[in-house]
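> Can you keep this structure in mind? I'll have questions shortly.
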2 protein chains.
Amino acid sequence: MKRRQPIRVSDAINRVMHYAQPNEIETVQIEACDDRTLAEDIVATHAIPPFPKSPYDGYAFKAMDTKGASQNKHVTFEVIEHIPAGKVGTKQVQTGQAVRIMTGAPIPKGTDCVAMFEICQSDQQYGKEWMTIKREMAPGDNVMAQGSETKEGTKLLHKGTYINPGVKAILATFGYQEVPVAKRPVVGLITTGTELLQVGDELKPGKIRNSNGPMIASQLKRAGAKVVELGSLTDEFTTSYQAVEKGLQRVDMLITTGGVSVGDYDLMPAIYEKLGAKTLFNKVAMRPGSVTTVAVRGKQLLFGLSGNPSACYVGFELFVRPTIRAALYEETPHPQKIKAYLKTDFPKANPFTRFVRSTISYAHGNVYIEPSGIDKSAVVTSLAKANAFMVLPGGTRGFQKGQLVDALLFQTEQGQRDIWQDVSYE
Amino acid sequence: MKRRQPIRVSDAINRVMHYAQPNEIETVQIEACDDRTLAEDIVATHAIPPFPKSPYDGYAFKAMDTKGASQNKHVTFEVIEHIPAGKVGTKQVQTGQAVRIMTGAPIPKGTDCVAMFEICQSDQQYGKEWMTIKREMAPGDNVMAQGSETKEGTKLLHKGTYINPGVKAILATFGYQEVPVAKRPVVGLITTGTELLQVGDELKPGKIRNSNGPMIASQLKRAGAKVVELGSLTDEFTTSYQAVEKGLQRVDMLITTGGVSVGDYDLMPAIYEKLGAKTLFNKVAMRPGSVTTVAVRGKQLLFGLSGNPSACYVGFELFVRPTIRAALYEETPHPQKIKAYLKTDFPKANPFTRFVRSTISYAHGNVYIEPSGIDKSAVVTSLAKANAFMVLPGGTRGFQKGQLVDALLFQTEQGQRDIWQDVSYE
């Protein structure tokens, strides 16, 4: 067996990201744009508000008509029209006249201020409608000027923005019935392992059910990719090679799980070699997932993730997800790295950088982190409860409760532009 | 106009949650269970590991055979079989014999320990395969006992758990090809307002495009509901009443936007009355969204959200989302309330509890919050960038940078069991 040279995690990510590439653009209807990312900058196609409008229900008139008004000296206006939101006034308002106006309605011609209902008194007399006010108003009072929120042409959203409900509201406001989004990268998924049963199979001696396949399919969807399931294979070279070779014709990138250890039946390195793919690395100075292997053939990245579920999960979030997010034009494709206080002791020594499946919590303005598998069924359920990885640098002898440690958040819309470094010094 | 009595936000949520009800159960294939919630507790259908297995590549044999072995005194075994992962040994191992075994393979009959490759020397001689070791092993060394991770019958996941990739891995491991999930509640959506154009329409004087419809549809999907779009209506009583009345025959709950202010053309209160629906509240001591009105008819909740986009958004997250999460059996349906440090001054006085669209950030183990609309195009883009609401209690005169304030996180899987209170004292 050839001895493998471990490289730093950040160096490994760097090598992978060198091959990450933005995907094509496609257009979807606004109704179907949820959870996609913008493929173009979005600008304001008109000013907001598009016309001077009233932020309140009230009366519009000329402010100068109230000159000298006070508690002891009221001014009365003839109300000549009612304008609901969505309608436009039809009359030119003259001195001594007012218009009853609803929230959002355009300011009528000839008026320059709005008095809220609360400070006006309404009256019907002589077959006409009247309004009385007991204070002075200034021009512009309660008038939202055209463009006062946003000027036409303002860049509102960057290319790569994840489309959440607030983003969708902006798209709707500015008439983007068709939304330019990044095409989802198509990612093939092959699980390998003679020991693997499918989910619906009865358990047999020596076998376990394939959990990596469903898990990675789910991680791919969460990251924004389109999954092409290419099957579950035994550890046999020829059929595995053929499946990989054929799969590569259909996908932008390929994930395999298993077959990357140095055991007798591990075959991905041999397949990469026969494919003529260039191996970027085959050992990373990290736990779990040290055997994670990434190769590239032409423009296609081939991710060889570990068959161990935790290592597989970690390998995906660290190496695969950022390339998918970059394909989707995200400006911050990497998981956000923050500092958090350890909530419990972590006495285990770390010869290599360790990624601990962890849960973030908060108290009194501080952010805390603890391993998500602290009870008995830890190993099985720790992935279910994890919303972060604790990053413990290699060469350390354990950590105490209350210490500040690094944490990678991988469940938030928010990411980080630069590749995080294995160790951060403060 | 009748004077409306404002109630506290927490009281309002309390009144709504009184009518929240768990939805029916349905079964989906594991491939389609992403982002659903479990409708039943999930137990381990077998032990993990299901058989004693090897955590490493190595040799299995009887530990007592190494008694007395040391750097100066090696012990040699005859290697009688190779067992890859997924296969079961066929031979009974005798004293002096060993079996070459791969990670994950079952421990062969007659052996009680595994020595890793790294400490063994392999050899071929006399047409046989041999292995030499220079240290003592103890029974159980490198053997994962059956059930050492999880006993059969252990409850692994609670009813109401959100199905993320880690949860899916557990379901796959234990053979849940069919997954019991909560049926998505069906929520009708009607937008009202004579001023509303549809997204694809040209802008016209006095009109604005309907952004609440697409936004709420997106918030509903994010919360886990199924949306039934029932159209966009003008502020006209008869057609609006008919649309609401007809819509209620098809849905579990109904959202309307607009028509809840006290202006001349606001009509939802009248519609509720004619429907015979009981109004739970029609004024909440909060900004924005004070006019949020909720009524109930039979078991159906009718949410009358404000037509103002920000108020509409806030009203949804505070009042609608928790009822949907409860319908999905979530044990923590409310947004998680945490304390965060104000990153900027917030000088505005708050006569009522104010919900400020905000962004969470982190530094040095602290969590910070700031309004997401601090630049010019604030009002339009603040919803797009918000991942939390800052909650500023009523009766306060502004806050300074560095003060601890309440924050509601509404974009995380993590929620909170109890209704948060308007003000938290520390």
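Every number in this text was worked out from the coordinates using simple rules, so none of it is lab data. Not measured: the values here are computed from a predicted model. Backbone-built Cβ (ideal geometry, glycine too); neighbour counts: all protein chains shown.
> Taking θ as phi - 60°, what are the ³J(HN,Hα) couplings along the stretch A:81-89 by the Karplus curve (6.51, -1.76, 1.60), each to the nearest whole Hz, with x for Gly and Pro?
7, 10, 10, x, 4, x, 10, 10, x
> Taking H placed 1.01 Å from N in the peptide plane, check which residues at least 5 places from residue A:41 or on another chain put their amide H under 5 Å from its amide H.
A:159
> Let me ask you something else. So for the stretch A:334-416, taking the charge dipole from beta-carbon charges (+1 Lys/Arg, -1 Asp/Glu), which of A:355, A:386, A:367 sits furthest toward the positive end?
Sorting the options by dipole projection puts first A:355.
> Specify the inter-centroid distance of the stretch A:327-396 and the stretch A:25-74, based on alpha-carbon positions, in whole Å.
Centre-to-centre (Cα) distance: 44 Å.
> Now for a separate question. Can you compute the FRET efficiency between residue A:234 and residue B:64 using 1/(1 + (r/R0)^6), with r the Cβ-Cβ distance and R0 = 35 Å? Round to the nearest 0.05. Spell out each step's value before the answer.
On the way: r = 35 Å, r/R0 = 1.01.
Efficiency, rounded to the nearest 0.05: 0.50.
> Taking 8 Å as the Cα distance limit and 6 or more residues as the minimum spacing, I'd like the relative contact order of the stretch B:176-321 as a percentage.
Computed over the stretch B:176-321, the figure is 24 percent.
> Additional query: Can you give the angle from 0 to 90° between the axis of helix A:212-223 and the longest principal axis of chain A, with both taken from C-alpha atoms, to the nearest 10?
Helix A:212-223 sits at roughly 30 degrees to that axis.
> Please give me, ordered by residue number, the trypsin sites (Lys or Arg not before Pro) of the stretch A:265-312 that lie in loop per DSSP and have at most 14 other Cβ atoms within 10 Å. Don't jump to the answer; show the numbers that get you there.
Details: sites: A:274, A:278, A:283, A:297, A:299; in loops: A:283, A:299.
Counting only loop positions with at most 14 other Cβ atoms within 10 Å, the trypsin sites (Lys or Arg not before Pro) in the stretch A:265-312 are A:299.
> Any number yet on Rg/Rh for the stretch A:58-133, C-alpha, Kirkwood? Don't jump to the answer; show the numbers that get you there.
On the way: Rg = 11.6 Å, Rh = 12.4 Å.
Reported Rg/Rh, Kirkwood definition of Rh: 0.94.
> OK, next. Rank the residues A:18, B:334, B:46, B:82 as a footprinting-exposure proxy: fewest other Cβ atoms within 10 Å of their Cβ go first.
Details: A:18 10, B:334 22, B:46 19, B:82 15.
Sorted ascending by nearby Cβ count, the order is A:18, B:82, B:46, B:334.
> Another one. By how many degrees, 0 to 90 and rounded to 10, does the Cα axis of helix A:237-247 deviate from the longest principal axis of chain A?
Once rounded, the angle reads 20 degrees.
> May I pose another question? Which loop-located trypsin sites (Lys or Arg not before Pro) does the stretch A:59-148 contain, where loop means any DSSP state but H, G, I, E or B and the Cβ has at most 16 other Cβ atoms within 10 Å? Don't jump to the answer; show the numbers that get you there.
Working: sites: A:62, A:67, A:73, A:87, A:91, A:100, A:109, A:128, A:134, A:135; in loops: A:62, A:67, A:87, A:91, A:109, A:134, A:135.
Passing both the DSSP loop test and the Cβ count: A:67, A:91, A:109, A:134, A:135.
> Next question. Sort shortest first the distances from residue B:299 to its counterpart in every other copy, using label points 7 Å along the Cα-to-beta-carbon line, and give them in nm.
Those label-point separations list as 5.3 nm.
> Using Cβ counts within 10 Å as a stand-in for footprinting exposure, how do B:114, B:9, A:88 rank, fewest first? Could you put the intermediate results ahead of the total?
Numbers: B:114 29, B:9 26, A:88 14.
Going from sparsest to densest Cβ surroundings: A:88, B:9, B:114.
> Which one of B:251, A:409, A:395 has its Cα pushed farthest toward the positive end of the charge dipole of the protein assembly as shown, where Lys and Arg give +1 and Asp and Glu give -1 at the Cβ?
The listed residue farthest towards the positive side: A:395.
> Looking at the stretch A:1-84, which GluC sites (Glu not before Pro) are DSSP coil and have at most 14 other C-beta atoms within 10 Å of their C-beta? Don't jump to the answer; show the numbers that get you there.
Details: sites: A:24, A:26, A:31, A:40, A:78, A:81; in loops: A:24, A:40.
The qualifying sites are A:24.
> Same structure again: Enumerate the amide H contacts of residue A:150 below 5 Å, restricted to partners 5 or more residues apart or on another chain; note that Pro and chain-start residues carry no placed amide H.
Result for residue A:150 returns A:48.
> Mind putting a number on the dipole of the stretch A:303-426 about its Cα centre? Charges go on the C-beta only, +1 for Lys and Arg and -1 for Asp and Glu, and I need it in Debye to the nearest 20. Let's see the in-between values first.
Numbers: 13 positive and 11 negative charges, 75 e Å.
Approximately 360 debye in magnitude.
> Along the stretch B:226-235, what does the Karplus equation 6.51 cos²θ - 1.76 cosθ + 1.60 (θ = phi - 60°) give for ³J(HN,Hα), rounded to whole Hz, x for Gly and Pro?
9, 9, 10, 7, 10, x, 10, 10, 7, 7
> Okay, moving on. What residues have an amide H closer than 5 Å to that of residue A:79, excluding those fewer than 5 places away on the same chain, when H is modeled at 1.01 Å from N in the peptide plane?
Counting only residues 5 or more places away or on other chains, the set is A:98, A:129, A:130, A:131.
> Given +1 on the Cβ of Lys and Arg, -1 on the Cβ of Asp and Glu, and no further charges, what dipole in debye does the protein assembly as shown carry about its Cα centre, rounded to the nearest 20?
Numbers: 100 positive and 86 negative charges, 205 e Å.
Once rounded to the nearest 20, the dipole reads 980 debye.
> In whole Å, what are the Cα extents of the protein assembly as shown along the three principal axes, biggest one first?
Projected onto its principal axes, the Cα set of the protein assembly as shown covers 124, 50, 47 Å.
> Given the -39500 (n - 2.57) contribution per DSSP H run of 4+ residues, what per-residue ellipticity at 222 nm results for chain A, rounded to the nearest 500 deg cm²/dmol? Show your work: numbers first, answer last.
Details: 8 runs with 71 residues, N = 426.
It lands at -4500 deg cm²/dmol.
> Work from the charge dipole of chain B (Cβ charges, +1 for Lys and Arg, -1 for Asp and Glu, about the Cα centre) and give the residue of B:306, B:220, B:64 farthest towards its positive end.
Comparing the listed Cα positions along the dipole, B:306 ranks first.
> In whole Å, what are the extents of chain B along the principal axes defined by its C-alpha atoms, from largest to smallest?
The Cα atoms of chain B stretch 103, 50, 42 Å along their principal axes.
> Which of rounded, prolate or oblate describes the stretch B:334-416 when judged by the alpha-carbon gyration tensor and an a/c cut-off of 1.5? Display every interim value, and only then the final one.
On the way: a/c = 1.29, a/b = 1.16, b/c = 1.11.
Rounded.
> In percent, what relative contact order does the stretch A:301-426 have, based on Cα pairs under 8 Å that are 6 or more apart in sequence? Spell out each step's value before the answer.
Values: 234 pairs, mean separation 39.1, N = 126.
Across the stretch A:301-426, relative contact order equals 31 percent.
> Considering Cα pairs under 8 angstrom that are at least six residues apart, work out the relative contact order of chain A and quote it in whole percent. If you can, show how the numbers build up before the last one.
Values: 989 pairs, mean separation 71.6, N = 426.
Normalised by residue count, the contact order of chain A is 17 percent.
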